[in-house]
Amino acid sequence: MVMNFVSRTKAIAFKHCLMLSACGLSACGLFTFWAFWAFWAQNAWATTSSEHQLSGNHFLSPSLKSMQSDASLNPVSLWLDQGRNLWGSAPDKQSCYQCHGDVQTLKFAAPQHPKWSARLNQLVNLEDQIVTCSERTSRPLRGLENPDVLALSALLHKSSQGLPFKVSAPPNHAQQWQTELNAGAQLFTTRKGAMNLACTHCHDLNIGKQMRADIVSPGHPTGFPIFKMSWQSMGSIDRRLRACFSGVQAEVPAPGSIELRRLELFLKSRSQGLPIDGPSLRR
Amino acid sequence: MTNPQKGNCIACHDLPGISGLTSNFGPNLKGVGAKWSRDDLVRWVSDARTIKPDTLMPPYGNHQGLVKVNPTRKVLTAEEIKHVVDLLQTWR
């Protein structure tokens, strides 16, 4: 695509040169014009291209950016405190620490989910895994939007900040994983709902456009879980994706449904290489 | 045009006479009354696919061919589309 664009740019610039030659302009002037045009066009492309690689945090309003950067004002801090309490420390008998040790030992967990579970024969995301893990303790957590599940998810994502997503096919289940990824891509590009829009129409084709107080982002899921001001609560990627289905007036998948896991896998595959910068604030 | 449960045109378009938080996802509606005939405006609002098959404009008066729609009723009634078009025609 880059090569196509550059070739197209040069071809158009060359056409301009010929037109101007016909008008009798000097060779020097032509070269200056061509160089300027090619430089402008390539920079215009670079701007568009770099927009596709921006985290949702880039599109926050100045006031939310300011709130996010101040731990004493950022409500996410409360969830991280709760996460640390739940994670526990050495003396706690029923803490995460008993099995996993320091939370930093699991810093590669968030970037690698959703993963293929051979036991369940389906994709599981980080919140699914937290719920499953808690069922082995005397304090099982119920529900993906359970505040304790989200607090632990926030803590695990915090420990992964700066690491890139690295979702990959498991060697023994590569075909199933690829099928799920393809299904996620299909969901991303299929029009749905009364608004008859696909994810790609906003998050690929209209990045940076203003929709009242919202600016359309590329939809990279680097900032989850999120404290959304309109929810006045922390929420998972599962909840945010369901909100998008609702936004286009489509049937909303059930929490934890395979459709949402497929879409999450595709989004994280699409964001491969971008650093995790969650948990974060959203409007 | 500003009701989130209805057309909510303001979510995508800049509407003449409304300042503050505006939108540029879709085109500015200033001048649409001069640019398009009444019949065309009805088609744009009701089902823009009949004018531009790959449009991003939702088909407010027709849910034929749509996937996984919820709720399954049309977003706007014929009467509501008429009111919207009446207003669009004044934006010249």
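The values are calculated or read from the model by the stated rules, or taken from the named source; none is laboratory data. What you are looking at is a predicted structure, and each value in this text was computed from that prediction instead of being measured. Virtual Cβ from ideal backbone geometry, glycine too; neighbours counted across all protein chains shown. Ligands, DNA and RNA are stripped out before the accessible areas are found, and what is left, the full protein with its side chains, is counted by its heavy atoms. Shrake-Rupley method; radii C 1.70, N 1.55, O 1.52, S 1.80 Å.
General observations
- Scanning the stretch A:143-161 for residues that are part of a loop (DSSP other than H, G, I, E, B) and either open to solvent by 20 Å² or more (accessible area, probe 1.4 Å) or modelled with pLDDT under 95 (or both) returns A:G143, A:L144, A:E145, A:N146, A:Q161.
- Restricting the stretch A:189-203 to residues that are more than 9 Å from chain B (Cβ to nearest Cβ) and more than 24 Å from A:G162 (Cα to Cα), the residue that is most open to solvent (accessible area, probe 1.4 Å): A:T189
- For the stretch A:235-255, filtering for residues that are surrounded by fewer than 18 Cβ atoms within 10 Å (Cβ to Cβ) and more than 20 Å from B:P4 (Cβ to Cβ) leaves 2.
- Looking at the stretch A:74-142, the helices (runs of 4 or more DSSP H) lying wholly inside it that each contain 3 or more residues that are touching a residue at least 40 places away in the same chain (Cβ under 8 Å) sit at A:76-87, A:109-112.
- Screening the candidates A:P164, A:P225 for the property of being away from chain B (no Cβ under 14 Å), open to solvent by 40 Å² or more (accessible area, probe 1.4 Å), touching a residue at least 60 places away in the same chain (Cβ under 8 Å) and within 18 Å of A:S271 (Cβ to Cβ) yields one hit, A:P164.
- Being within 14 Å of chain B (Cβ to nearest Cβ), over 24 Å from B:P4 (Cα atoms) and in contact with a helix residue (DSSP H, G or I) (Cβ under 9 Å, 6 or more places away or on another chain) is a property that does not hold for A:L274.
Rundown of residues vs (1) touching a helix residue (DSSP H, G or I) at 6+ places or on another chain (Cβ under 8 Å); (2) farther than 13 Å from A:G56 by Cβ; (3) assigned to a loop (DSSP other than H, G, I, E, B), yes/no style:
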{"residue": "A:F188", "(1), (2), (3)": "yes, yes, no"}
{"residue": "A:S217", "(1), (2), (3)": "yes, no, yes"}
{"residue": "A:S230", "(1), (2), (3)": "no, yes, yes"}
{"residue": "A:A243", "(1), (2), (3)": "no, yes, no"}
{"residue": "A:P253", "(1), (2), (3)": "yes, yes, yes"}
{"residue": "A:L267", "(1), (2), (3)": "yes, no, no"}
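- Residue count for the stretch B:37-75, restricted to those that are more than 10 Å from chain A (Cβ to nearest Cβ), of a type in the set (A, V, I, L, M) and either open to solvent by less than 50 Å² (accessible area, probe 1.4 Å) or within 11 Å of A:A194 (Cα to Cα) (or both): 2
- Residue match in the stretch A:169-179 (condition: open to solvent by less than 60 Å² (accessible area, probe 1.4 Å), over 21 Å from B:D14 (Cα atoms), facing chain B (nearest Cβ under 7 Å) and more than 20 Å from the chain's Cα centre (by Cα)): no
- Enumeration of residues in the stretch A:94-135 that are of a type in the set (S, T, Y) and buried (at least 17 other Cβ atoms within 10 Å of the Cβ): A:S95, A:Y97, A:S134
- All conditions in (1) within 14 Å of chain A (Cβ to nearest Cβ); (2) in contact with a Pro (Cβ under 8 Å, 6 or more places away or on another chain); (3) open to solvent by less than 40 Å² (accessible area, probe 1.4 Å) hold for B:L29, with the sole exception of (1).
- Test: B:G17 is of a type outside the set (S, T, Y), away from chain A (no Cβ under 13 Å) and out of contact with any helix residue (DSSP H, G or I) (no Cβ under 9 Å at 6 or more places or on another chain): yes
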